[in-house]
Structure formats: C-alpha cells, structure tokens
Amino acid sequence: MKKRVPQLALHLDSLSTTALPRPWQDGASLPHLGGCLRLKLDTDRKTARLEGDELHLPLPPEAGERQIRDAAEAWQRGEARRILTAAIRRQAGQLCCTPPALRLSFAASGHWVQSEDHGLRCHWRLIEQSPAIIEQLIGQAVARYRPAGTTGDLFAFA
C-alpha cells in the first residue's frame, strides 16, 4: 500500500472559509508559512510590514473587518508571489530546467498547484503552508517541465 502525505492530498474545498472563521481585528492571528502571525494595526506605517511574528498594517484602530482583511490578504498575496517565485527558481535550478511562469489562483476549490502549458498556477493561500510543503509541491510541479531524457548529473545512469 502506498503511503500518502496528508498535507499534499488536501484540496482547497476542504479548507472553506466558513470552517475556520477569522476575526479580522487588531491582535488576530493569520496563518503564514506553517505558523501564525499576529495582526497589528499601526497608523505610523505607510505600507504593510512584517516584523518578527507581527504583521503591521497601515490602518487606524477603528478600521473595519473588511479593511483589515483586504490589507492582510493583499500583503499575503504579494508574499505568496515572492516566495513561490523563489521556490520555483530554486527547484528549476536543481532540475536544470527553465523555471515555468507563475500565475496565482484565487479559485474556491481545486489543487494547491496545477501544471499548465504556459506555467504553474498556484493558489495564493499556499503561503499558509510550511516551507517544506511548499517546496515539495513546487518541486513536484516543476519536475513536469523538465525535458524528457535529461538529467542534472552526467553520471546518473552509470
């Protein structure tokens, strides 16, 4: 029997937002890279900034839930693009192939990473998973873009 890694078998529809309500307020926690960040509303900031395990958002204390959610998720999507692009480049470099293009997905259901003809489509909430899971998922997807019959090691078949 083949052993499955449960985290990799997750589909997005099993992580519905109704199952895990998040209070969008100062001090709320936000999943990030397998851990949690604490939201901090801070009018002294011009842009959202991560400091330690706190995400400082440039919002007043009386900001509404929608404003806080929009600001936090905008920051997360930017981080997702940055971190996933770096992971794709690392994995492509290890496999000696051209890094596929990244497109962020906002789908309500499906897989974390999908290979397409023109590149990878990754759900932006993948940023909530641990770096090890991100690397493994990206590595599996990038391996599909490796030209057939090539190897990074000259003596791999010797």
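What follows is calculated from the coordinates using simple rules that are stated; it is not laboratory data. Since we're looking at a predicted model, the values are computed, not measured. Positions of Cβ are backbone-derived with ideal geometry, glycine not excepted, and every protein chain shown enters the neighbour counts.
Just a few scattered comments:
- Computed from label points 7 Å out along Cα-Cβ, the spacing between Thr98 and Ala74 is 3.5 nm.
- When only Cα pairs below 8 angstrom with a gap of at least 6 residues are kept, segment 25-143 shows a relative contact order of 24 percent.
- For His56, the shell of other residues with beta-carbons less than 13 Å away shows a net charge of -1, using +1 for Lys and Arg and -1 for Asp and Glu.
- The distance separating the Cα centre of segment 40-54 from that of segment 71-96 comes to 21 Å.
- Modelled spin-label separation between Glu135 and Glu116, with each label point placed 7 Å from Cα along the Cα-to-Cβ direction: 2.8 nm.
- Restricting segment 43-105 to trypsin sites (Lys or Arg not before Pro) that sit in a DSSP loop and have at most 16 other Cβ atoms within 10 Å of their own Cβ leaves Arg45, Lys46.
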